[in-house]
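Notes follow the structure.
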Amino acid sequence: MQNKVLIIYTGGTIGMGLNPVTGALEPLDFAHLLDNMPEMKLIQTGIDVCQFPTPIDSSNMDPATWAQLVSIINDRYDEYDGFVVLHGTDTMAYTASALSFMLENLTKPVILTGSQLPIAQLRTDGKENLLTSIELAAAHRSDGRAMVPEVGIYFSGRLLRGNRATKQNADGFDAFDSFNYPHLCDAGVTFNFHRHNILQPDYNRPMTPHTDMDPGVMVFSLFPGIQERIVRDMLNIEGLHSIVMRSFGSGNAPEQPWLIDALRQATERGVIIVNISQCVEGQVAMQRYDAGYQLMSAGIISGLDSTVEAAITKLMYLHALYPNDHQLIRQLMTTSIAGEITTVHEA
């Protein structure tokens, strides 16, 4: 029986064409583009296309659109063996992270991909990214189960765990990497699946979709010379539930009494503050230096080796799921629920 894959086109460079009048890139009918790709006829997989009525620039991605994607996948979950989401690169890592939490106990591949050049251009990277993503979404083991039953990002020969990936290059074809987690698959002449790195769901449980996200989250970065008045005003913003704080090195902050005091007051009010390193590789270890230990004493949670994108979307997901249980959210932020962090035990 032929496998079937659903392509969901949200927008992004991959499906754009050049407006002859303005010279700017604008979205085209992606289904029409596929009809003019002779390579598609060689794929031994059934393919359907679902296109957003109005394709969006990924800079405009938001929780409502994530919920729309979850609904599309959930409504068609039994019809397809896998899903390919075509998405702009700028916020792809946020969407991949969000979907990894919102599609609880995912048992089928959801592969996000896109391109740095439109698929109709001669030197495009879009064709290889799309064709390989379709093959990855259709790949299955000898027992019929999906080879990669999780949310991934495929770009330039590498399949990455979605909630471990981050955009690293605005110009090169190797736009994404996962600095704190190995690749799920390297695609060369053949596919080299790293099966011990791939999540395995509980096949005795169904996939459970979630569409609610609480966006009362913000990110701020520490820097030399950060000012007390600005920080205190930010920490007292109405509707703020959580903060992803980007710290120095292994989780350090300036040893300013006012800063520790302001952070402590916020955590005592119930604001959840998660410490993420500004370094792209490595993990937060606040116990290593006194500058980090003071943050622990102020109630700051270690984000371990999470990406910023994963930490933000995980907080949105948990606050929507457990709106009145801050203690549980704090506990789950140091627990891997979709392979997004390496826990102390795993490390």
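The values are calculated or read from the model by the stated rules, or taken from the named source; none is laboratory data. Note that this is a predicted model, so its numbers are computed, not measured. So basically every Cβ, Gly included, is an ideal-geometry build from the backbone, and we count neighbours across all protein chains shown. Protein only, heavy atoms only, side chains kept; ligands, DNA and RNA dropped before computing areas. Shrake-Rupley method; radii C 1.70, N 1.55, O 1.52, S 1.80 Å.
Total residues in region 160-175 satisfying the condition of being over 13 Å from the mean Cα position of the chain (by Cα) and either surrounded by fewer than 19 Cβ atoms within 10 Å (Cβ to Cβ) or farther than 21 Å from Cys279 by Cβ (or both): the figure is 7.
Taking residues in region 243-263 that are in contact (Cβ under 8 Å) with a residue 60 or more places away in the chain and open to solvent by 40 Å² or more (accessible area, probe 1.4 Å), and partners anywhere that are among the polar types (S, T, N, Q) and in a loop (DSSP other than H, G, I, E, B), the pairs with Cβ atoms closer than 9 Å and at least 6 places apart or on different chains are Arg246/Gln278. Selection within region 43-56: residues that are in a loop (DSSP other than H, G, I, E, B) and either under 11 Å from Ile134 (Cα atoms) or of a type in the set (Lys, Arg) (or both). The member of this set that is most open to solvent (accessible area, probe 1.4 Å) is Gln44. With a requirement of 1 or more residues that are β-branched (Val, Ile, Thr) and closer than 22 Å to Thr335 by Cα, the helices (runs of 4 or more DSSP H) lying completely within region 227-310 that satisfy it span 257-268.
So in region 133-158, with the set limited to residues that are at pLDDT below 95 and of a type in the set (S, T, N, Q), which one is surrounded by the most Cβ atoms within 10 Å (Cβ to Cβ)? Looking at residues that are at pLDDT below 95 and of a type in the set (S, T, N, Q), I get Ser156.
Residues that are surrounded by fewer than 24 Cβ atoms within 10 Å (Cβ to Cβ), of a type in the set (Ser, Thr, Tyr) and either touching a helix residue (DSSP H, G or I) at 6+ places or on another chain (Cβ under 7 Å) or in a strand (DSSP E or B) (or both) occur in region 57-66; there is at least one. The residue of region 67-88 that is surrounded by the fewest Cβ atoms within 10 Å (Cβ to Cβ), among those that are in a loop (DSSP other than H, G, I, E, B) and touching a Ser or Thr at 6+ places or on another chain (Cβ under 7 Å), is Gly88. Search region 108-130 for residues being in contact (Cβ under 8 Å) with a residue 60 or more places away in the chain and surrounded by fewer than 18 Cβ atoms within 10 Å (Cβ to Cβ), and hand back the single one that is farthest from Ile329 (Cα to Cα). Out of the qualifying residues, it is Ala120. Residues in region 264-293 that are open to solvent by 40 Å² or more (accessible area, probe 1.4 Å) and either small (Gly, Ala, Ser) or closer than 29 Å to Thr166 by Cα (or both): Gln278, Cys279, Val280, Glu281, Gln283, Gln287, Arg288, Tyr289, Tyr293.
Take Gly225 and decide whether it is open to solvent by 30 Å² or more (accessible area, probe 1.4 Å) and closer than 27 Å to Val244 by Cβ. Yes.
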